[in-house]
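Only the coordinates and a few stated rules stand behind these numbers; no lab work does. Remember, predicted model here, so these are calculated numbers, not experimental data. Quick reminder, even Gly has a Cβ in these numbers, built from the backbone with ideal geometry, and neighbours come from all protein chains shown.
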Amino acid sequence: MCLGIPGQIVEIADAETLMGVVDVSGVRRKVNLACVVGEGGPDGLVGEWVLVHVGFAMSRIDPAEAAETLRALEQLGEAMEEIEKIRAAEEMLGEAAP
């Protein structure tokens, strides 16, 4: 299973090598845009939302889908934090299951 994280393309770092910069919830990183570039080249991609996986923008998505996915990931993160808190409390009390 692959997990793609929504990010918005904010800059074309190198048009020749199809490298761009995406913003993923405030974190910016360089990604390869080869899978999403169209006939117009990479310059028209600034502002587009994409799914990012292991350094590649895999597909374009609409802003509503991006927002929904980011909300779901945030909720998942909050749930995982709560699970970890419960596990830590159980371990402190010596009640953790093997």
Computed magnitude of the charge dipole of region 5-93 (debye, nearest 20; Cβ of K, R +1, Cβ of D, E -1): 160
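Where does each of THR17, THR69 land when they are ranked from fewest to most other beta-carbon atoms within 10 angstrom?
Sorted ascending by nearby Cβ count, the order is THR17, THR69.
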Dimensions (Å) - the chain, Cα atoms, principal axes, largest first: 61, 25, 24
On Cα atoms only, tilt of 63-93 relative to the major axis of the chain in degrees: 20
Qualifying GluC sites (Glu not before Pro) in region 1-76, DSSP loop, other Cβ atoms within 10 Å at most 15: GLU16, GLU39
Highest-fluctuation residue, ILE61, ILE86, ILE12 considered, GNM on the chain with Cα pairs under 10 Å: ILE86
